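The structure appears below as structure tokens.
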Amino acid sequence: MKNSKKPKVLFILGPTGSGKTEIAVRLAKKYNGEIISADSVQVYKEFDIGSAKVTKNEMGGITHHGIDIKSPIEEFSVYDYVQYTLQKVEEITKKGKLPIIVGGTGLYVKSLIEGYNFGDAEKHQEFRANLEEEIKSHGLDYVYQKLCQKDGKLASTIDKNNPARVIRAFEIASYGSGKKKTNDCKYDFKLIAITLKRETLYYKINARVDKMIEDGLIEEVKSLYKKYGESVQPMKAIGYKEILPYLKGEIQKQNMIDLIKQHTRNYAKRQLTFLRGIDNVRYIDNNDRDRAFLNACKEIEEWLKV
RNA sequence: AGGGGUGUAGUUCAUCGGUAGAAUAAGAGUCUCCAAAACUCCUGAGGUGGGUUCAACUCCUACCACCCCUG
């Protein structure tokens, strides 16, 4: 942390609906920063309303990275995110500006601050598809048992009920070189989390979902569905996946809206849980926005001095 | 008003004259390549008052609430 050769990077974290976007833009203006989003859905073009993507207006002239960088049919993973962000931070730092990473995708953030090295087992699409087929036909346990035979040590470290983990472990067992993981964070970072009382946060989330519907979320999904189908990655996000059954006439409108609200609340809760697992996070209550901004400034100035 | 029905967890629904089960919500948690994903754990209940009984959520009864039918 004290290593002054490492570039300084500011993180603004917090659950969805906490108001991090607004405060981050204000901070970027004050400290000559550029924003890099840490959001697994906002990377996709055209998925605007449901992902609560920052609008041009909200950006307030601040440069934003990591938004609209992928077509909906493309894949994007933590690994890609880390590559992208390392690059952007370097560019911004070179310009003498402060990189501000803003977002709620916990793993993206954690990967950066803990300097995850994702190893050398690349993704093999076909291999994965085959495993998925096998899980479908023989069950997850069958595949897990196979993994145990191939690499019992690796198998014992993962959750055998979790298909995603089992598939990934199998991939590592098959293609990885077994090189040890080495983590190495490249930044002198400051973590600030924007929070709200649970009750307030839930209230805001519910209101925001209603607003999204008003703003034409259903139309957005309808046109995206027509264009890309339902299997593209961002279509699995909250606010999208719930609308598909509604469009097909399988559930009622109000039902669908309530589901989006519920899933968003669940998600916010998980984000908070994830945050708790990260050290050195400074929490700032955003009930009073101006006060929250000033508190953030205080924290940041102390950190910039070091 | 008369007749019938239903009252069990926040909600939907089980079961049983002898420790009341589940689904779902809520809550907590896990996390090194789909993470807005995937997975794990878990609090919590028989309307009210009487009666029968060793024992009532269960049977009887009154009341209350809700629903349906008739007028």
Any residue at all in segment A:89-105 that is free of Cβ contacts under 8 Å to residues at least 24 places away in the same chain and within 12 Å of RNA strand B (Cβ to nearest atom)?
no
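Residue by residue, here is whether (1) in contact with a Gly (Cβ under 7 Å, 6 or more places away or on another chain); (2) polar (S, T, N, Q); (3) free of Cβ contacts under 8 Å to residues at least 12 places away in the same chain holds:
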{"position": "A:135", "(1), (2), (3)": "no, no, no"}
{"position": "A:176", "(1), (2), (3)": "yes, no, no"}
{"position": "A:206", "(1), (2), (3)": "no, yes, no"}
{"position": "A:226", "(1), (2), (3)": "no, no, yes"}
Sole exception among (1) closer than 16 Å to residue A:192 by Cβ; (2) open to solvent by 40 Å² or more (accessible area, probe 1.4 Å) for residue A:61, by number:
(1)
Looking at segment A:68-88 only, could you name the residues that are farther than 17 Å from residue A:234 by Cβ and either surrounded by 14 or more Cβ atoms within 10 Å (Cβ to Cβ) or more than 13 Å from RNA strand B (Cβ to nearest atom) (or both)?
A:79, A:82, A:85, A:86, A:87, A:88
When every residue in segment A:254-278 that is basic (Lys, Arg) and surrounded by fewer than 14 Cβ atoms within 10 Å (Cβ to Cβ) is compared, the one nearest to the chain's Cα centre (by Cα) is A:270
Run residue A:211 past the list (1) touching a helix residue (DSSP H, G or I) at 6+ places or on another chain (Cβ under 6 Å); (2) open to solvent by 70 Å² or more (accessible area, probe 1.4 Å) and report the number of the one that doesn't hold.
(1)
Which residue pairs have Cβ atoms under 6 Å apart, sit 6 or more places apart or on different chains, and have a first residue in segment A:49-60 that is in contact (Cβ under 8 Å) with a residue 24 or more places away in the chain and a second that is among the aromatic types (Phe, Trp, Tyr) and open to solvent by less than 40 Å² (accessible area, probe 1.4 Å)?
A:50/A:240
Given segment A:109-201, what helices (runs of 4 or more DSSP H) lie entirely inside it while holding 3 or more residues that are at negative phi, of a type outside the set (Lys, Arg) and surrounded by fewer than 11 Cβ atoms within 10 Å (Cβ to Cβ)?
A:125-138
Mind checking whether some residue in segment A:244-253 is open to solvent by 10 Å² or more (accessible area, probe 1.4 Å), free of Cβ contacts under 8 Å to residues at least 60 places away in the same chain and near RNA strand B (Cβ under 8 Å from one of its atoms)?
no
Could you please let me know if residue A:11 is aromatic (Phe, Trp, Tyr), over 20 Å from residue A:281 (Cβ atoms) and open to solvent by less than 20 Å² (accessible area, probe 1.4 Å)?
no
Hey, among the residues in segment A:107-134 that are near RNA strand B (Cβ under 10 Å from one of its atoms) and among the aliphatic types (A, V, I, L, M), which one's nearest to residue A:89 (Cα to Cα)?
A:109
I'd like to check something: does segment A:279-290 contain any residue that is at negative phi, in a helix (DSSP H, G or I), open to solvent by 30 Å² or more (accessible area, probe 1.4 Å) and in contact (Cβ under 8 Å) with a residue 60 or more places away in the chain?
yes
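The values are calculated or read from the model by the stated rules, or taken from the named source; none is laboratory data. Computed from a predicted structure; not experimentally measured. Positions of Cβ are generated from backbone atoms using ideal geometry, with glycine treated the same way; all protein chains shown enter the neighbour counts. Side chains included, ligands, DNA and RNA excluded: accessible areas come from the protein's heavy atoms. Shrake-Rupley method; radii C 1.70, N 1.55, O 1.52, S 1.80 Å.
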